[in-house]
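Take a look at this one; I'll ask things after.
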Amino acid sequence: MSATMVQRKPGLGFLAGVGTVFRMETRQRLRTRGWYILLVVWFVVIGLVAALAAYATGAWAPDDGAGYVAGSGIGQVMFELVIAFVLFFGLLVAPALSANTVSGDRSAGTLAVLQNTLLTPGQILAGKWLAAWVSSLAFLVVSLPMVVWAMTYGDVYLPAVPVFLLMTAVEFGIVCAIGVGVSARAGRTLFAVVSTYLLVALLALGTAIAYGLSFQLVEEQVTVSAQIWPDDPWSKVQYNDAGEAVDGQGEVIKDQDAYFTQIQEEADSYTIDPNAYVCGPDTYQASIFHTERITWLLAANPFVVIADAVPTRASSGPPTGSGIMNALSQGVRGSQAGLPGQAPCQDGKKQDVAVSADAGTDGAPLWPLGLLVQLCLAALLLLLGRRRLRTPVRRLPRGTRIA
Amino acid sequence: MGIQTTRYDGGGPAFAHPEPLGVVATGLVRSFGTVHAVEAIDFTARPGEVTALIGPNGSGKTTLLLMLASLLAPDAGSIRICGIDPVADPRGVRAQLGWMPDTLGVWEELTVHEILAMMGRLYGASKASAAARADELLGIVKLAEFASRPARVLSRGQQQRLSLARALVHDPQVLLLDEPASGLDPGARIDLRNLLRDLADRGRTVVVSSHVLVELDEMADRAVFIAAGRSVSELTVDDAGARQRRYSIQSTDPAALAAELSAAGVQASVADGQRRKPTVVRLESETAAAELLRRLVLAGVPVTAFGPSAGALEESYVSSVGPAATDQAGGTR
């Protein structure tokens, strides 16, 4: 034994092995027609989405001043819609590209051949993941013309574009890692593909459903009263039971219209200070929701991760359009901020939480947490898959064979 | 079908094996759940020999080969491939070992040459030497004209030859072939036989499992019989020839033949199962066979055919494996 142990170490570098597996995978994929058909279908669908977005936002209206004006927000709305659809379709395509890699080799009888070379399980997984990821990135590349189209309207917030591309690539990579991990773990290709779709659905839909259902758990009954801004001309108006405006003595004001016009003029010159309110005398019961306790449920949602990570124009800047991704980011951060906006007056007392108009955008970013959760899930699945690829095999799952 | 001895930079220098040890497996046990695929197998294959692994379907041949190929861990027992333990150092074993599985697995969209070149790369060869080795192997297995065709267009026999070339890509010291002859046409079988003999003559350890016993007769030096997960016997092909065997005799005058056989005191029976109904006798050795033939001819019996009714290994197979195989089929394990 000792005499033979001095034999040379088998020479296959980690990167060389990964590279060869990667080349084997990509060459096979590049030679199947289905992949190209999928790319063309993808291009057409994303193109249609972009065109509809352009139409809906009025970009095609005649330039008569009422329609498209440069910088009016059309490009941004379109850009965000394209983001959302690229991500949505990517979540549909990436599992299909990744979940058949290892299990497909297993059923074709080629996995054992690879395992019998100097490749380590890690190299097999890394090569297959890289191949799946690169082929899913091709779909991102095909979507670029639509992004450029949106940018031609001149109002896309430029720092958002590279961040969007990077984060989408990262999300594709995570989904591919999940797919490859499940694929290595699963006995059958169909099972691997379905499981990967379910895991992706868990992230994309399950998180939203869990968030929605959890509202029950964080509901709280509180006594609230109306906010009153004493300096606001409208809050000085008093009404009788019939809904008519009355003066200080309770007499109905004769010319209601003239009175309201006058109040409106006063209100127009009044600048509201959001924090200069008092709590009204009338109290009533209301439900408030501690959404800050459940917003983390949304963190791992790929849409939330991208919406939250992609920067938007500072709200103090010139008014521009904002699309669905921005709205999603605002909503999530508002949810994370929790109570302040929901019940400014509790038990007749003013809550000492400053309410600012843009509380949403000031909230802490949620996407790092979401990315971490996703990475942990992918790493766990890859680890489980790697264990299944180790040879010599000790325990073989029922109904499977090595070769 | 000579083998050029191109040095293969991924396979290491030939003098790295001062003491070539071949394959030594002792006391192997392996079960899958309640199925005891291998119950007690001892197996030895020596360098410079072609060792046949013979046994009925389900006797544990493939399970044994998977364990030898470092893909399956035995429940008990020990394996040494060139002195290396595949459980402790699978990659060390794989550098020395070529394995041709019984299931055909090919990367359908890759070309024949690409498959061999990439496999070479996976054993650590440089790009250039892997490509050169692929060319060389395609010549050896006579697939050169298919080099740039995708593997999916190959026939079963061609895929089988590609699989064999793949197992040889790193010029392994030990070659494990699971049913290599199935699907091959007669010409390719002869090529395979010559190739394996050639490899053995160059000091490689060659293990072949097969049902085609006549094939093994002609190329194997040694045979290991297994049945129902146990090694039943081991013998050299020369031993097998020296054993008691059946001979079939045909004559244009069956009555004269029968009379002379009974006069010689040889028990004879007529094989019903065969088309020409030869007379079958059981003889102790080849010397006894020669003696009987001389007597028949001298007695004027018109003998048209006289020869062993089956190959030496088939005889041994039936005598050593037969009862156990029947036993296995009857019992539920």
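None of the figures in this text is laboratory data; all of them are computed from the coordinates on show. All values reported here derive from a predicted model rather than from experimental measurement. Virtual Cβ from ideal backbone geometry, glycine too; neighbours counted across all protein chains shown.
Among the aspartates and glutamates, which fall within straight-line cross-link reach of A:Lys350, defined as a Cα-Cα distance under 17 Å, with same-chain neighbours fewer than 8 residues apart omitted?
Cα-Cα hits under 17 Å: A:Asp231, A:Asp273, A:Asp282.
Now a separate question. Treat each spin label as a single point 7 Å out from the Cα along the C-beta direction, and report the A:Lys350 to A:Trp296 distance in nm.
Output for this residue pair reads 3.4 nm.
Using only the alpha-carbon atoms, what does the stretch A:126-222 span along each of its principal axes? Please give whole angstrom values in decreasing order.
Between the extreme Cα coordinates on each principal axis of the stretch A:126-222 lie 51, 48, 19 Å.
Over all residues in B:103-115, what is the mean tally of Cβ atoms on other chains that come within 10 Å of each residue's Cβ?
The per-residue average across the peptide is 5.
Going by Cα centres, the stretch A:137-185 and the stretch B:144-194 are how many Å apart?
Taking the Cα centre of the stretch B:144-194 as reference, the centre of the stretch A:137-185 is 44 Å away.
State the cysteines of chain A left without a partner when partners are defined as other cysteines whose beta carbon lies under 4.7 Å away.
So, A:Cys176, A:Cys376.
Mean shadow of the protein assembly as shown, computed from the convex hull of its alpha carbons, in nm²?
Quarter of the Cα hull surface area: 48.6 nm².
Given the options A:Gly104, A:Gly348, A:Gly17, state which has the largest fluctuation in a GNM of chain A using a 10 Å cut-off (strictly under) for Cα springs.
For chain A, modelled as a Gaussian network with Cα springs under 10 Å, the answer is A:Gly348.
If you stretched the chain out fully between B:Gln250 and B:Glu234, how much longer would it get, using 0.36 nm times the residue separation minus the C-alpha to C-alpha distance?
Taking 0.36 nm per residue and subtracting the Cα distance, the gain is 2.5 nm.
Another question, then. Taking every DSSP beta bridge that has both residues in the protein assembly as shown, what percent is antiparallel when rounded to the nearest 5?
70
Mind giving me the nanometre distance, one decimal, between the label points for A:Gln264 and A:Val40, set 7 Å out from Cα along Cα→Cβ?
6.0
Further question: Using the Cα centre of the protein assembly as shown as origin and beta-carbon charges of +1 (Lys, Arg) and -1 (Asp, Glu), tell me which of A:Ile402, A:Ala84, A:Gln346 is placed farthest towards the positive end of the dipole.
Sorting the options by dipole projection puts first A:Ile402.
In peptide A:100-109, how many Cβ atoms from other protein chains are near each Cβ within 10 Å, on average?
Mean partner-chain Cβ count within 10 Å for A:100-109: 2.
Next question. Residues in the stretch A:277-302, backbone N under 13 Å from the label point at A:Glu219 (7 Å along the Cα-to-beta-carbon vector): list them, ranges by number please.
A:286-290
Let me ask something else. Ignoring everything except DSSP H segments at least 4 long, calculate the 222 nm mean residue ellipticity for the protein assembly as shown; use -39,500 (n - 2.57) per segment, divide by total residues, nearest 500.
The helix-only estimate for the protein assembly as shown comes to -15000 deg cm²/dmol at 222 nm.
Straight-line reach from B:Lys142: which lysines have a Cα under 25 Å away, not including same-chain ones fewer than 8 places off?
B:Lys127
Report the residue, chosen from A:Trp234, A:Trp149, A:Trp35, that carries the largest GNM mean-square fluctuation when chain A is represented by alpha-carbon nodes joined by springs under 10 Å.
A:Trp234
Between A:Ala208 and B:Glu145, what's the calculated FRET efficiency when r is the beta-carbon distance and R0 is 51 Å? Round to 0.05.
FRET efficiency, A:Ala208 to B:Glu145: 0.30.
Sticking with this one: Which lysines does A:Lys254 reach when only Cα atoms under 28 Å apart count, and residues fewer than 8 places away in its own chain are ignored?
Straight-distance partners of A:Lys254: A:Lys236.
Same structure, new question: Computed FRET efficiency, Cβ-Cβ of A:Thr271 and A:Leu190, R0 56 Å: what is it to the nearest 0.05?
With a Förster radius of 56 Å, E is 0.30.
While we're on this one: Given the options A:Lys254, A:Lys128, A:Lys236, which has the most mean-square fluctuation in a GNM of chain A, springs set between C-alpha atoms less than 10 angstrom apart?
It is A:Lys254.
Can you work out D for chain A in µm² s⁻¹ from Stokes-Einstein, where Rh is the Kirkwood radius over C-alpha pairs, the temperature is 37 °C and the viscosity is 0.692 mPa s?
After rounding, the answer is 128 µm²/s.
Oh, and also: Go ahead and run the numbers for FRET between B:Ala264 and B:Ser285, Cβ-Cβ distance against an R0 of 22 Å, rounding to 0.05.
Efficiency, from the Cβ-Cβ distance: 0.90.
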